[in-house]
Amino acid sequence: MVTFTARKLHSQFHLVLMVLACGLFTACGNSPAATQPAAGAEGEELARLLAPNEADIPYPIYDSFAEMAGLLKQTDDRTYVINFWATWCGPCVEEMAYFEKLGSEADEEDLQIVMVSLDFQKDVRTKLRRFVEDRKLKLPVVALADGDYNAWIDQVDPDWEGAIPYTLVYRGDERRQHSVKFNSYEELQNFVAEVN
Amino acid sequence: MMKYTNLFSLFTLVLLFFACGQPAAEETEVVADENKPVAPVEAAPAATGLKVGDIAPDFSLRGIDDQEHSLKTVRDANGEVPKGYAVTFTCNTCPFAKGYEDRLVALHTKLSAMGYPVVAVQPNDTSLKPGDNMEAMKQRAADKGFNFLYLLDEKQEVYPKYGASKTPEVYLLDAGLKVRYHGAIDDNAQNPEAVTINYVEAAVAALEAGRNPDPADVKAIGCSIKAK
């Protein structure tokens with residue numbers, strides 16, 4: 001830091017400090033500890049959102065984004081890795097192995113992965129189901145069949161243009177998005193670790 | 001005196017850091033963010049791309065007719081200099097793009113007659129996606145009866161200038177190459193029968209009426225453009 005000699009610089013320095021302080025206050029206000037409901041209630045909501053909602057389909061199907069929006073707003077002290085993919089998306093399927101490895105190696109107390117499929121509505125009960133079963137996919141899958149994309153893409157992140165694969169990693173208020181394919185397990189691991 | 005005030009402020013700041021507990025580390029990072037080298041993965045292509053109101057760059061790209069084309073040489077269905085251009089990044093291999101092929105043919109038929117031809121550009125790296133190479137483009141265009149220019153962004157220099165991130169993705173330009181609409185073709189990628197709003201057609205109608213298209217930017221899901 002430079003030495004402050006001029007009066008003007010002093011006042012600027014004060015302003016910076018005040019802004020920083022305000023920022024910190026805001027950050028404190030939003031911190032999970034301050035506003036969070038009990039962890040138990042959170043866990044229940046998450047379990048409900050991930051539970052199958054149709055007979056014979058091993059994952060829930062949501063026709064509207066609003067029904068599953070809670071997946072992007074968990075406030076407990078865990079890292080959430082939300083991957084948007086589809087069976088027809090080559091790079092999505094290529095990077096899936098990295099998410100599977102992350103899921104098998106990470107502590108589930110600390111990390112929750114959710115694979116949000118954007119398969120076409122006509123495929124969510126057939127093609128997607130076959131894919132999930134054939135691959136023996138252990139990660140939780142959610143089928144989002146809401147074709148009104150413009151209405152919900154910005155709710156995931158205003159910076160997301162809608163290209164998949166797309167991954168959102170968040171923990172509390174900290175969010176980070178990755179809008180291309182991960183090229184290695186290490187790349188995914190490092191990206192997620194930065195949010196931890 | 002000034003010095004003490006400074007010290008006091010610093011003290012307060014330090015207190016606040018401690019009061020925050022865990023998030024303090026994050027905040028420090030945010031404060032220092034400007035000086036941090038930005039990792040390549042954080043570079044969002046869309047953030048640097050064209051916004052509605054920006055002037056789009058012209059380009060010179062080879063088409064499936066083996067000719068070089070640029071916007072300034074494009075003519076509409078009447079042989080006139082166009083009133084605008086529906087520059088559409090699309091490809092052979094993306095299911096979303098494929099779902100729009102017939103609609104693009106119909107769109108060009110309608111809009112080119114009005115002075116707004118579709119100019120399709122294939123942006124994917126063809127070594128990663130051989131199904132999008134020039135031969136495959138020619139084949140696909142023949143199979144589907146493409147009536148619009150279908151150009152290959154072989155050096156992958158055009159789509160980054162536009163800021164396109166996926167296929168399909170439309171930039172509707174006016175005669176001065178100003179971006180007037182950006183985004184989705186219509187409001188139902190999965191089912192052409194269920195479309196209720198054709199955004200590109202509506203945007204052209206707005207331009208014809210001397211109005212600004214509204215909406216001027218509509219998002220949709222698409223396949224990420226493939227690049228090394």
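The values are calculated or read from the model by the stated rules, or taken from the named source; none is laboratory data. It should be emphasised that the depicted structure is a prediction, and the values quoted were computed from it without experimental measurement. As a convention, Cβ positions derive from the backbone with ideal geometry for all residues, glycine included, and neighbour counts pool all protein chains shown. Note: areas computed on protein heavy atoms with side chains; ligands, DNA, RNA excluded. Shrake-Rupley method; radii C 1.70, N 1.55, O 1.52, S 1.80 Å.
Close amide H contacts of B:ASP217 (hydrogens built in the peptide plane, cut-off under 5 Å, sequence separation of 5 or more or a different chain): B:HIS182. In the context of the full protein assembly, A:ILE164 retains an accessible surface of approximately 0 Å², using a probe radius of 1.4 Å and ignoring ligands and nucleic acids. The share of accessible area on region A:114-176 that comes from carbon and sulfur is 45 percent, using a 1.4 angstrom probe. Taken one residue at a time, the phi angles of region B:98-110 give Karplus couplings (6.51, -1.76, 1.60, θ = phi - 60°) of 4, x, 9, 4, 5, 5, 5, 4, 5, 5, 5, 3, 6 Hz. Gly and Pro are set to x. Over all projection directions, the Cα-based convex hull of region A:45-196 averages an area of 8.2 nm². Debye calculation, C-alpha points only, no solvent: report log10 I(q)/I(0) for region B:46-224 at q = 0.19 Å⁻¹, in the same order as the q values. Each listed q corresponds, in turn, to -1.37.
Students often get this wrong, so check it: of B:LYS161/B:LYS219; A:LYS138/A:LYS181; A:LYS73/B:LYS155; A:LYS127/B:LYS110; A:LYS101/B:LYS161; A:LYS181/B:LYS72, which have C-alpha atoms separated by over 29 Å? The partial results should precede the final answer.
Working: B:LYS161/B:LYS219 19 Å; A:LYS138/A:LYS181 20 Å; A:LYS73/B:LYS155 41 Å; A:LYS127/B:LYS110 35 Å; A:LYS101/B:LYS161 36 Å; A:LYS181/B:LYS72 35 Å.
In this structure, A:LYS73/B:LYS155; A:LYS127/B:LYS110; A:LYS101/B:LYS161; A:LYS181/B:LYS72 exceed 29 Å between Cα atoms.
Per residue, region A:38-193 exposes an accessible area of 42 Å² to a 1.4 Å probe, with every protein chain left in place.
Given the peptides A:128-138, B:113-123, A:174-184, arrange them by the average over their residues of other C-beta atoms within 10 Å, most packed first.
Working: A:128-138: 14.7, B:113-123: 23.7, A:174-184: 18.5.
Put in order of decreasing packing, that is B:113-123, A:174-184, A:128-138.
Summary of packing: across the peptides A:104-111, A:152-159, B:200-207, the per-residue average of other C-beta atoms within 10 Å ranks them, highest first, as B:200-207, A:152-159, A:104-111. Excluding residues fewer than 8 places away in the same chain, name every one of the aspartates and glutamates whose C-alpha is closer than 17 Å to that of B:LYS51. Within the straight-line cut-off, B:LYS51 pairs with A:ASP154, A:ASP159, A:GLU161, B:GLU169, B:ASP174, B:ASP214, B:ASP217. A Cβ-based charge dipole, computed about the Cα centre of region A:38-193 with Lys and Arg at +1 and Asp and Glu at -1, lands at about 540 debye.
Treating only the Cβ atoms of Lys and Arg (+1) and Asp and Glu (-1) as charged, compute the dipole magnitude of region B:46-224 about its Cα centre; round to the nearest 20 debye. Provide the component values of the computation, followed by the final result.
On the way: 19 positive and 25 negative charges, 39 e Å.
In total the dipole reaches around 180 debye.
Between A and B, roughly 3400 Å² of accessible area is buried in total, ligands, DNA and RNA not counted and the probe set to 1.4 Å.
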